[in-house]
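The values are calculated or read from the model by the stated rules, or taken from the named source; none is laboratory data. It should be emphasised that the depicted structure is a prediction, and the values quoted were computed from it without experimental measurement. Cβ atoms come from the backbone with ideal geometry, glycine included; neighbour counts cover every protein chain shown. Heads up: the accessible areas ignore ligands, DNA and RNA and are worked out on the full protein's heavy atoms, side chains in. Shrake-Rupley method; radii C 1.70, N 1.55, O 1.52, S 1.80 Å.
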Amino acid sequence: MTPHRIAINRQYGPENLDEKVALVLEESCLDPETASGDDLTAFDELHIGGRGATLALATVAGLTPNDVVLDVGSGLGGPARTLASRIGCRVKGIDLTSAFCRTATELSKAAGLTDRVTFHHGDALNLPFENQKFDVVWNQHFAMNVEEKGPLYKEEYRVLRSGGKLALHEIVAGPNDPPYYPVPWARKPSISFLVTEDRLRYIAASEGFDVEKWVEVSEEALDWYDAVAQRNRSGKGPSPLNQMLVFGQDLPVMAKNMKRNLKEKRIKVIRALLRKP
């Protein structure tokens, strides 16, 4: 395993993550049949905005039940399960973190979605799928950990059918970069590869994508962090199954840094739709 792979796997949770999740589900008496619903909202969507942001991106992308989606950087599988359960898409996820893939698979089994959702352990720069396989490629808070963004978008372009869509919900560098660390995607700068939104847009266009929609949603992201903080202060915090299982005791500091980074414009958040001609 390369140093980068080792660092990414260390960033995103312990090897026994699936066992910890199963234990919390059992101890909390959470119903496995609702594993794709509210019990997992604070856990399985590892991005700003949670499930609401996933559904907003799905609306921008115009997803339909007939779409076959590739979720690159699929994490714990929350977005994939949301797209499958709420819209009816078939979704394949791929992630570099083996613990994520195992946990995502187990949660999807519990939710009864294995007929529509599957997960693969693999590298986004060498996708194990044939040409023109998918209607939509999905990137949600993923490219921050990818240094070679040109090869990434080249691979995603390859596996998309003609007319296929690339849906992006990404964190990019702000005018006052660099950000404060730790943050959810990196405890140290060594695995953080932020670029400006102009640079990201240029790289994707250079690989052949046409940009159809591109919107900064940083204020929306700040509002979400404020809403989470308000919910926690009111005593309506997350269930025992929450992201501390992934990020450990660093999570409160990460959240504090994210708000500060957004307020000081060290990072920005974009939502975009690109298309393969």
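Worth pointing out:
- Members of segment 80-102 found to be among the aliphatic types (A, V, I, L, M), open to solvent by less than 20 Å² (accessible area, probe 1.4 Å), more than 14 Å from ASP67 (Cβ to Cβ) and not in a helix (DSSP H, G or I), listed by number: ILE94
- Checked against the criteria, THR59 does not count as assigned to a loop (DSSP other than H, G, I, E, B) and modelled with pLDDT of 95 or more.
- Selection count where residues are charged (D, E, K, R), in a loop (DSSP other than H, G, I, E, B) and in contact with a Leu (Cβ under 8 Å, 6 or more places away or on another chain), scope segment 121-141: 2
- Residue within segment 185-201 that is modelled with pLDDT of 95 or more, open to solvent by 10 Å² or more (accessible area, probe 1.4 Å), on the phi > 0 side of the Ramachandran plot and not aromatic (Phe, Trp, Tyr) present: no
- Exactly one residue out of ALA186, ALA229 is out of contact with any helix residue (DSSP H, G or I) (no Cβ under 7 Å at 6 or more places or on another chain) and of a type in the set (A, V, I, L, M), and it is ALA229.
- If only residues of segment 54-67 that are closer than 16 Å to TRP214 by Cβ and touching a Lys or Arg at 6+ places or on another chain (Cβ under 9 Å) are counted, the one that is surrounded by the most Cβ atoms within 10 Å (Cβ to Cβ) is ALA61.
- Pairs meeting the criteria (first residue in segment 79-93 and more than 19 Å from GLU170 (Cβ to Cβ), second residue open to solvent by 10 Å² or more (accessible area, probe 1.4 Å) and in a strand (DSSP E or B), beta carbons under 6 Å, at least 6 apart or on different chains) are ARG90/VAL68; LYS92/THR118.
- Segment 77-116: number of residues that are touching a Cys at 6+ places or on another chain (Cβ under 9 Å) and over 13 Å from LEU63 (Cα atoms): 5
- Scanning segment 234-277 for residues that are outside any helix (DSSP H, G or I) and of a type in the set (A, V, I, L, M), we see that the one that is modelled with the lowest pLDDT is LEU241.
- Test: TYR157 is touching a residue at least 40 places away in the same chain (Cβ under 8 Å), in contact with a helix residue (DSSP H, G or I) (Cβ under 8 Å, 6 or more places away or on another chain) and surrounded by 15 or more Cβ atoms within 10 Å (Cβ to Cβ): no
- Filtered residue count, segment 206-233, keeping only those that are touching a residue at least 40 places away in the same chain (Cβ under 8 Å) and in a helix (DSSP H, G or I): 7
- Total residues in segment 103-141 satisfying the condition of being hydrophobic (A, V, I, L, M, F, W, C), surrounded by 19 or more Cβ atoms within 10 Å (Cβ to Cβ) and either at pLDDT 95 or above or at positive phi (or both): the figure is 8.
- Filter pass, LEU194 being part of a loop (DSSP other than H, G, I, E, B) and either within 25 Å of ASP135 (Cβ to Cβ) or in contact (Cβ under 8 Å) with a residue 40 or more places away in the chain (or both): yes
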